[in-house]
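Input: a single structure, listed below in structure tokens.
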Amino acid sequence: QVQVVESGGGLVQPGGSLRLSCAASGSIFNFLLMGWYRQAPGKQRELVAHIMRGGSTSYAEFVKGRFTISRDNGKNTVYLQMNSLKPEDTAVYYCKYVTLNDAYWGKGTQVTVSP
């Protein structure tokens, strides 16, 4: 079993920054990728960014140039640096840990962008 825990959410003004963290622990084998998703009220969950085992990254168009995903292999932790935040970035941000056989979700961390 794998445990996934997100942290770092909060309230920030438009134009501000936040750094989210996602730590995976437990039976960590056959890691493929870790990703950040978000879900705003009344909307479907959507992919924000992911990072592959080899280090390659991918971003949704709406965050390109503003968000950066990175990984600390030694800590099994993934980060999401979010800059130039907009009110429309307000959502619960979830981390997903994917192996060859399964995928594990964290419980999410709330990000609110408001004046």
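The values are calculated or read from the model by the stated rules, or taken from the named source; none is laboratory data. Note that the coordinates shown come from a computational prediction; the quantities given were computed from them, not determined experimentally. Backbone-built Cβ (ideal geometry, glycine too); neighbour counts: all protein chains shown. Side chains are part of the model used for accessible areas, which takes the heavy atoms of the whole protein and leaves out ligands, DNA and RNA. Shrake-Rupley method; radii C 1.70, N 1.55, O 1.52, S 1.80 Å.
Among the numbered conditions (1) touching a helix residue (DSSP H, G or I) at 6+ places or on another chain (Cβ under 8 Å); (2) not in a loop (DSSP other than H, G, I, E, B), the only one that Pro14 does not meet is (2).
In region 58-78, what residues are among the acidic types (Asp, Glu) and open to solvent by 80 Å² or more (accessible area, probe 1.4 Å)? Walk me through how you get there before you give the answer.
The first filter runs over region 58-78 and keeps only residues among the acidic types (Asp, Glu), leaving 61, 72.
Passing the criteria: only Glu61.
Is it the case that Gln110 is exposed (fewer than 14 other Cβ atoms within 10 Å of the Cβ), of a type outside the set (Asp, Glu), modelled with pLDDT of 95 or more and within 20 Å of Val4 (Cα to Cα)? When the stated conditions are applied, Gln110 passes them.
Could you tell me whether Ala40 is touching a Cys at 6+ places or on another chain (Cβ under 9 Å) and either open to solvent by 60 Å² or more (accessible area, probe 1.4 Å) or touching a residue at least 24 places away in the same chain (Cβ under 8 Å) (or both)? The answer is no for Ala40.
Which of the strands (runs of 3 or more DSSP E) found entirely inside region 35-89 contain at least 1 residues meeting this: among the small types (Gly, Ala, Ser) and modelled with pLDDT of 95 or more? Talk me through it step by step, then tell me what you get.
Values: elements: 46-52, 57-59, 67-72, 77-82.
The qualifying strands (runs of 3 or more DSSP E) are 46-52, 57-59, 67-72.
Is it true that Leu20 is in contact with an Asp or Glu (Cβ under 7 Å, 6 or more places away or on another chain), open to solvent by less than 40 Å² (accessible area, probe 1.4 Å), in contact (Cβ under 8 Å) with a residue 60 or more places away in the chain and over 21 Å from Asp102 (Cα atoms)? Steps first, answer last, please.
On the way: in contact with an Asp or Glu (Cβ under 7 Å, 6 or more places away or on another chain): yes; open to solvent by less than 40 Å² (accessible area, probe 1.4 Å): yes; in contact (Cβ under 8 Å) with a residue 60 or more places away in the chain: yes; over 21 Å from Asp102 (Cα atoms): yes.
Taking the combined requirement at face value, the residue satisfies it.
For region 70-84, the criterion of being over 30 Å from Asn101 (Cα atoms), in contact (Cβ under 8 Å) with a residue 12 or more places away in the chain and not hydrophobic (A, V, I, L, M, F, W, C) is met by at least one residue.
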